[in-house]
Amino acid sequence: MDQAELTTEQVLRRDIPWEAYMTTKLISGTGLQLLRRYDKKPESYKAQLLEDDGPAYVRVFVSILRDIFKEETVEYVLALIDEMLTANPKRARLFHEKSLTNEDTYEPFLRLLWKGNWFVQEKSCKILALIVSARPKHHGGAVSNGEVASSKSKVTSIDDVLKGLVEWLCVQLKNPSHPSRGIPAAISCLATLLKEPIVRSSFVQADGVKLLIPFISPASTQQSIQLLYETCLCIWLLSYYEPAFEYLATSRTLPRLLEVVKSSTKEKVVRVVVLTFRNLLHKGTFGAQMVDLGLPQIVQSLKTQAWSDEDLLEALNQLEEGLKDNIKKLSSFDKYKQEVFLGHLDWSPMHKDPMFWRENIKIFEENDFQILRVLITILDTSSDPRALAVACFDLSRFVQHHPAGRVILTDLRAKERVMKLMNHENAEVTKNALVCIQRLFLGAKYASFLQA
């Protein structure tokens, strides 16, 4: 059978020659006794053995994964551990018992992430995520297997484990080892691990946020709903981490989350998206983006629906109040800035208002003329004639009102971009491109001769 399609149940039907491994000294006599007592026994019997002597079984399982490389045996032991943790996830704490302080209980799973077939990789990821999450948290940082490293033996540090996991998860999101299960497994694991500050840091540094964005889309099947929920859960966890804000703000995260919340009937999906909005509302420019994207109206609609989750109802009320405050605070320039950053340029009143340009012209210098750079990017990338026309118009207004406007736009290579639009098929685009070019060549001195 293809290992990619193996199940835990199928693997556990195998007979493993434990005695032969003892003969070749790959397992000890004590290990053989424990395995004979445990293997192929009823669940209730195994549960009692783990209750009485759990750390000893963990030691045996880890030592086999460390010392034996036969694929069928590795799969079998991973299946035993998976079965044990699926029946009771709290058993992951057994890997952190003090009697195992000198055992490197992380290393075999971390190594197996990159070895062999999909079954081995998937089980190693799932088990490692559970073990990591169950480790005791120490003030001042956790090292090795959740215990203070007093042993002289070298053990894999928790930082190495988490960084290794993040690296593997990002690889799966880019190029999954299994066509249908690779991405769901990676996102499910991430949803568990992003509670860890170091994982958030490693994931953002690895440019992982943009890998999640494509999976934020309305779902129909039960499997795709679960994938969507866990993806949104990852975004929610990242909404607590400031270095992730820039990635979330400059990607299509907010518009995608809005589409999800408008179309989803699953309460858990709506809840996690609304909680994400609430977290981001007062961070940076998110509030202005939410207003621009029509979130206040969506919140009103959501409040009329019959939700049973009290946290969701409370979050909707808080979001509604926060958005109202945001609308009051939004200046005309904030609105303009959001319009530019979203690329949704239209003939809103501020574009043609001389007062707007006189009052705000110096703000265009902020962040190394960031707004001008975005307007120039729109000229390169947009296929919307209205957006192109308005961008040309705004650049010509900048030349008109800024004393060094002509020089600044020439340095930013705006002239070449605008000239390409002078032969555009849309008359509105060509007209505004022409006015902009005239201003760039003649300067603000001659602005009064030009038709705005």
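The values are calculated or read from the model by the stated rules, or taken from the named source; none is laboratory data. Note that this is a predicted model, so its numbers are computed, not measured. Note: ideal-geometry Cβ built from the backbone for every residue, glycine included; neighbour counts use all protein chains shown. For the accessible areas, the whole protein counts, side chains as well, though only heavy atoms, and no ligand, DNA or RNA atoms are used. Shrake-Rupley method; radii C 1.70, N 1.55, O 1.52, S 1.80 Å.
Miscellaneous remarks
- The Asn367 and Ala206 beta-carbon pair, evaluated with R₀ = 25 Å, returns a calculated FRET efficiency of approximately 0.50.
- Förster radius 41 Å - calculated FRET efficiency between Glu167 and Lys324, Cβ distance, rounded to 0.05: 0.40
- Average accessible surface for segment 320-442: 50 Å² per residue, computed with a 1.4 Å probe over protein heavy atoms with every protein chain in place.
- Given charges at beta-carbon only (K, R positive; D, E negative), |dipole| of segment 244-294 in Debye: 200
- One way to sum up the overall shape of segment 1-121 is the equivalent ellipsoid from its Cα gyration tensor, whose semi-axes run 20, 17, 16 Å, largest first.
- Relative contact order of the chain, taken over Cα pairs closer than 8 Å and 6 or more residues apart, is 7 percent.
- Taking the average, over residues, of other Cβ atoms within 10 Å as the packing measure, peptides 229-236, 114-121, 384-391, 407-414 rank 229-236, 384-391, 114-121, 407-414 from highest down.
- Per-residue SASA entry for Asp346, accessible area with 1.4 Å probe, Å² rounded to 10: 70
- A Cβ-based charge dipole, computed about the Cα centre of the chain with Lys and Arg at +1 and Asp and Glu at -1, lands at about 720 debye.
- Paramagnetic label zone (point 7 Å from Cα along Cα-to-C-beta, Phe333; backbone N under 14 Å) in segment 364-403: 364-372, 402
- Kirkwood-based Rg to Rh ratio, segment 311-367, C-alpha trace: 1.12
- Debye-formula intensities of the chain, expressed as log10 I(q)/I(0) at q = 0.12 Å⁻¹, are -1.03 (one equal scatterer per alpha-carbon, no solvent).
- Charge context of Met84, other residues only, Cβ under 9 angstrom, K/R +1, D/E -1: 0
- For segment 331-374, chymotrypsin sites (Phe, Trp or Tyr not before Pro) meeting the loop criterion (DSSP other than H, G, I, E, B) and having at most 12 other Cβ atoms within 10 Å: Trp347.
- Loop-located GluC sites (Glu not before Pro) in segment 347-443, at most 13 other Cβ atoms within 10 Å (DSSP): Glu425
- Of all accessible heavy-atom area on the chain, the percent that carbon and sulfur account for (1.4 Å): 51
- Dipole of the chain [Lys/Arg +1, Asp/Glu -1 at C-beta], most positive-end residue of Ala47, Leu379, Val272: Leu379
- Between Thr285 and Asn88, the C-beta separation translates, for a Förster distance of 41 Å, into a calculated FRET efficiency of about 0.35.
- Farthest towards the positive end of the charge dipole of segment 298-440, among the residues Val299, Asn423, Leu313, is the Cα of Asn423, using unit charges on the Cβ of Lys, Arg, Asp and Glu.
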